[in-house]
1. Just to check your reading of the model, which residue among A:Gly43, A:Gly69 is modelled with pLDDT of 95 or more and in contact with a helix residue (DSSP H, G or I) (Cβ under 6 Å, 6 or more places away or on another chain)?
2. Identify all residues within the stretch A:95-120 that are crowded, with 17+ Cβ neighbours inside 10 Å and more than 13 Å from the chain's Cα centre (by Cα); write none if there are none.
3. What are the pairs with Cβ atoms under 7 angstrom where one residue, in the stretch B:36-62, is under 11 Å from A:Thr71 (Cα atoms) and the other, located anywhere, is part of a helix (DSSP H, G or I) and at pLDDT below 95? Sequence gap at least six, or different chains.
4. Can you name the residue in the stretch A:71-94 that is within 23 Å of A:Thr9 (Cα to Cα) and among the hydrophobic types (A, V, I, L, M, F, W, C) and is also surrounded by the fewest Cβ atoms within 10 Å (Cβ to Cβ) among such residues?
5. Yes or no: the stretch A:59-69 includes at least one residue that is open to solvent by less than 10 Å² (accessible area, probe 1.4 Å) and within 13 Å of the chain's Cα centre (by Cα).
6. Just to be sure, is B:Leu85 in contact with a strand residue (DSSP E or B) (Cβ under 9 Å, 6 or more places away or on another chain), closer than 16 Å to A:Ala73 by Cα and facing chain A (nearest Cβ under 8 Å)?
7. Tell me which residues, restricted to the stretch B:45-103, are closer than 23 Å to B:Ala123 by Cβ and of a type in the set (Phe, Trp, Tyr).
8. Do you know which residues across the stretch A:121-147 are more than 9 Å from chain B (Cβ to nearest Cβ) and open to solvent by less than 30 Å² (accessible area, probe 1.4 Å)?
There are 2 protein chains.
Amino acid sequence: MEQRISLVTLGVSDLERARRFYATLGWAPVPDENDDISFYQAGGMVLALWDRAKLAEDSAVTDGGGWGGVTLAQNVRSPAEVDALIEEARAAGARIGREPAPTFWGGYSALFADPDGHPWEVAHNPYWSLQSDGSVRVGGDDDDDAEA
Amino acid sequence: MEQRISLVTLGVSDLERARRFYATLGWAPVPDENDDISFYQAGGMVLALWDRAKLAEDSAVTDGGGWGGVTLAQNVRSPAEVDALIEEARAAGARIGREPAPTFWGGYSALFADPDGHPWEVAHNPYWSLQSDGSVRVGGDDDDDAEA
């Protein structure tokens, strides 16, 4: 198996609500005539929003509701960017699960949950690099100090 | 918010078991002295394995157990690669949620669940491109027909 993820699909109960939320945060879907699913190109991978009941059936799982042991994160370039993104999420109606603060691992992060409860950590991790194209590497140096 | 995911963390109940499973499938973690978490560089993003209870607490969610509306997928280069990877997963002890078959959307896919029940679809999607570095694009052409 190659060491990569092509697609992360988030199951949602109200696709229009989810689309509006991500649009408010600046996400633009791939134009498509399919009304049942939205795809967002995210660097070399794709994020999808799809009906949660259909995703459960397609994934051959029973959906007990609630959280299932998966958390997403977006690394940003500074603690100030963590603060700013959390304010954007709050303004978009997200629940803020953790307010911005230093973390036990030496970074600075916060957490919001999207309208379906999917948690997103927003983190500044000084030990990982963040490239100008948005890709991250465990360790290493940023290639974009001029942008920070 | 930039349109990208830096990190996907999978909560696991037995970290050693999860590490062995992913190692059997060929995943190699970033060398680290941290025994509590494993990071896997996956193209321009990172997959992590961490204790599910700690992840729930860190994510400010209540963990009801089971699946929570997130499914991962890896796109591969041919239907035959779907078949081969599902046999690898089966040999590694994965539950096969869906055996390889043509899909309603015109591709060919199957699904396995890791030891903690996290579902992975393995798909050949003729409508998306898969680059030689493993990145995917909605639409477009592969740059690696010679490898297919």
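1. A:Gly69
2. A:Gly97, A:Arg98, A:Pro100, A:Gly107, A:Tyr108, A:Ser109
3. Hits for this filter: zero, empty list.
4. A:Ala92
5. Within the stretch A:59-69, not a single residue is open to solvent by less than 10 Å² (accessible area, probe 1.4 Å) and within 13 Å of the chain's Cα centre (by Cα).
6. no
7. B:Trp67
8. Selection gives A:Ser129, A:Asp144.
The values are calculated or read from the model by the stated rules, or taken from the named source; none is laboratory data. As the structure is a prediction and not an experimental result, all values here were calculated from the model. Please note: Cβ atoms are built from the backbone with ideal geometry, for glycine as well, and neighbour counts cover all protein chains shown. Ligands, DNA and RNA are excluded from the accessible area calculation, which covers all protein heavy atoms including side chains. Shrake-Rupley method; radii C 1.70, N 1.55, O 1.52, S 1.80 Å.
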